[in-house]
Amino acid sequence: MEQRFALNVSTNPLWKLPITDPRCNNASCFDFVYGYLDDQLRYSNYNFPLYAQWTVIFYTTTVTLFFLLHLYRSFNDQSHRTRLRERVIACWRMVNYRRASGWIGSKIDVSYGQLILLSIATIFVAILPFFQGYFLRDLFRYGSPPLSVRCAMLISALLPMCLALAGKVNIISLLTGISYAKLNIWHRFVAYIIFALAVVHTIPHCIAPVKEGGWAELAILYRKGERELSGTVLLTSFALMVVASMPWVRNRFYEFFKIGHIVLAILFVVFLFWHIKGEQITPDYLYGSIAIMIANFVARTIYRNRVPLSLKEFVHGFPTELEVLPGNVTRVVIHCPQRLQWQPGQHCFITIPGITMMQAHPFTIASISWKHSRHGRNDVVLLIRALKGFTKNLAEHATNHKMSNQSVDRFTAIAEAQKLRISTRAWLDGPYGDVHPTIDRQYHGVICVAGGSGITASLPWLSYLACRMRTSSHSPLESCKTRSINLIWCIRSLHWIHWAEREICDALHDVMIANQQLDGLDNGKTEERMPERSSSSKGKIKVIIFVTSRNVDETQMSVAGLDLLLAAGVDADDTHVQVEVIGGRPSYSALLPDMIDKKRNIVLACGPQGQKIDLANSVAQLQRMVLRNETKEIALHTETFGW
Ligand SMILES: Cc1cc2nc3c(=O)[nH]c(=O)nc-3n(C[C@H](O)[C@H](O)[C@H](O)COP(=O)(O)OP(=O)(O)OC[C@H]3O[C@@H](n4cnc5c(N)ncnc54)[C@H](O)[C@@H]3O)c2cc1C
């Protein structure tokens, strides 16, 4: 450096130019060298990589904590908790499960627990680039504004995380056991943070040149195609992605959003290469991001094709039946090979080539795999509510096809609902989503709460648990802790019961059989074989259906309830197998306490946002029962049709 200075002094006419001269902008000018070094002393470029490293440490620590929690839950018997632990968990759930109600609740679909985590992450990211001040360098020619570079470092470090959270099959789900659908809120959160940081990154980059050389200086940078130009393109592409993913746009133009999101995400990465050309540090994070994108794609492709298919199944899909049900619902039954297995609570994406080849839509699987199914069939059953796009076309396809084939009008088609079936084929991608493999081995009481078509999330649990009760009642090798199943289902019209009557009847029947087997045991028939079983462990199932329409009278509702019992072959006086059909809406805080088992309970819910808020707040309040020693645990798991 000294040699270069000496050379400059002797041969360089620019050496003595004052810093106010625009030509004094590199090492040929003494004032620039002095000013630059002074500026570096105040805030060195070597500090910048630390911001990216701290960000990575922050999120890897968070993921590691959730990973350890997942490991602990998977390998520890949760049923032997101390009283103190039960109480501490109940106190945490009292806060964690609670949700904001009213207008805010309808707009923000997060629990207080999620809100706490989101707030910690926001505070961390908001403090990191700002707390040490020194936002602009003394002069723009000394280098990019420190605030901009710090934000750029944070963006680079967050990008791999944002992409990892976006995949349907991704490393975070693998480590934490949290499904991609639940992680989606974090994908969006990280993306919004990146966008906010990108805006903050841009502002000093515009202020600094204008401060130094006026608007002309900024214009020169754009004309020369400096980073300001690529940065503007980059910011615009990200802004478009953010706008397209806003609920208002996304809900109205989902297909446009989906294709646009993929195209813009790829363009963003390409523009990023252009933007960071010549950078030393950030390319590492960009390469990491690309590696994650490729890994997501490869993992999804492998997962999607893991079940070997025949050529016909691969090209045309699985044989599928469509059935028209009341309330604009189509029951789709896909006959799958036994190799394809799924768990209650999971969903799959279906494409029906007869309707469209280009769209795949997610639906919760209402049935259970052949291993547990009462009939031994491996049918994926979906209940699909017609909205405006694919679902409407599907409903029309089912009714119109029948009308053209059998010349019945639409009214008759719906009235004749369950007698109508048409055959088609469907491609299936999945299953995806949360897995709770140990509910029957962990929880004594299970309460399923559903609103409208949210019943699809409750039905597989109802079928599975009733089936486990039945099989465990005559097999000493099988154990099922669940002794009480409750279903609370809110529907608008009495006819909607048809959507779920088969699964509900099967479950009622299974529990009745389970109890009969235990009665046989009580009579001493099987006492020697299963000495540990007795009638005290008889199973209970209660289905309460709330009909909100005012056009239904008491008699119709009682008849509907009796019909279900009759179809299930259950005696109406059976106190262990009950069905009630009631008018109005449920009050969860009044209903739930009577359904809670003395040991461990879980509430599984799927329905509209308002129902989810009411229920979550009631379950948060019910944690007092744990504190009062009236029960050991009340857990809650909620789903929504969307992310
Ligand atoms: C995990 C999950 C499980 C679901 N389970 C069921 C179920 O069991 N029964 C049921 O009736 N519905 C279910 N849904 C909702 C169902 O996927 C949408 O109603 C359906 O995709 C709407 O298609 P459409 O073209 O008719 O939508 P439109 O009428 O165009 O839009 C209606 C709504 O559906 C959303 N939507 C549209 N396409 C998709 C898509 N490909 N993926 C996600 N959302 C989309 C839109 O954002 C909009 O909010 C589920 C959704 C999810 C995310």
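The values are calculated or read from the model by the stated rules, or taken from the named source; none is laboratory data. On a predicted model such as this, the values are computed, not experimentally measured, just so you know. Methodologically, a virtual Cβ is constructed for each residue, glycine included, from the backbone with ideal geometry; neighbour enumeration extends over all protein chains shown. Note: areas computed on protein heavy atoms with side chains; ligands, DNA, RNA excluded. Shrake-Rupley method; radii C 1.70, N 1.55, O 1.52, S 1.80 Å.
Which of the residues spanning region 293-307 are open to solvent by less than 30 Å² (accessible area, probe 1.4 Å) and either without any contact (Cβ under 8 Å) to a residue 24 or more places away in the chain or of a type outside the set (S, T, N, Q) (or both)? Hit for region 293-307 is 307, nothing else.
The single condition from (1) of a type outside the set (Lys, Arg); (2) modelled with pLDDT of 90 or more; (3) part of a helix (DSSP H, G or I); (4) under 27 Å from residue 382 (Cα atoms) that residue 555 fails is (4). For region 319-350, which positions are under 23 Å from the mean Cα position of the chain (by Cα) and either more than 13 Å from the ligand (Cβ to nearest atom) or on the phi < 0 side of the Ramachandran plot (or both)? Across region 319-350, the qualifying residues are 340, 341, 342, 343, 344, 346, 347, 348, 349, 350.
Here residue 243 meets each of (1) surrounded by fewer than 17 Cβ atoms within 10 Å (Cβ to Cβ); (2) within 16 Å of the ligand (Cβ to nearest atom); (3) over 30 Å from residue 221 (Cβ atoms) with one exception, condition (3).
Only one entry of 211, 224 meets the criterion of being of a type outside the set (Phe, Trp, Tyr), in contact (Cβ under 8 Å) with a residue 40 or more places away in the chain and surrounded by fewer than 18 Cβ atoms within 10 Å (Cβ to Cβ), and that entry is 211. Can you name the residue in region 603-628 that is polar (S, T, N, Q) and in contact (Cβ under 8 Å) with a residue 40 or more places away in the chain and, of all such residues, is most open to solvent (accessible area, probe 1.4 Å)? Restricting to residues being polar (S, T, N, Q) and in contact (Cβ under 8 Å) with a residue 40 or more places away in the chain, the top hit is 621. Within region 432-455, the set of residues being out of contact with any Asp or Glu (no Cβ under 9 Å at 6 or more places or on another chain) and more than 26 Å from residue 479 (Cα to Cα) comprises 432, 450, 451, 452, 453. Scanning region 609-643 for residues that are hydroxyl-bearing (Ser, Thr, Tyr) and not in a helix (DSSP H, G or I) yields 631, 638, 640. A Cβ distance below 6 Å, combined with a sequence gap of six or more or placement on separate chains, defines the contacts here; from region 376-399, residues that are within 15 Å of residue 325 (Cβ to Cβ) and open to solvent by 10 Å² or more (accessible area, probe 1.4 Å) reach residues that are aliphatic (A, V, I, L, M) and near the ligand (Cβ under 6 Å from one of its atoms) in the pairs 391/384. Of all residue pairs spaced 6 or more apart or on separate chains, those with beta-carbon atoms under 9 Å, a first member in region 308-320 that is of a type in the set (S, T, N, Q) and a second member that is open to solvent by 70 Å² or more (accessible area, probe 1.4 Å) and at pLDDT below 85 are 320/423. Taken together, the residues in region 339-358 that are in a loop (DSSP other than H, G, I, E, B) and either touching a helix residue (DSSP H, G or I) at 6+ places or on another chain (Cβ under 9 Å) or of a type in the set (Val, Ile, Thr) (or both) amount to 11.
Taking region 588-643 as the search range and keeping residues that are among the β-branched types (Val, Ile, Thr) and away from the ligand (no atom under 16 Å from the Cβ), which one is farthest from residue 344 (Cα to Cα)? Across region 588-643, the extreme among qualifying residues is 626.
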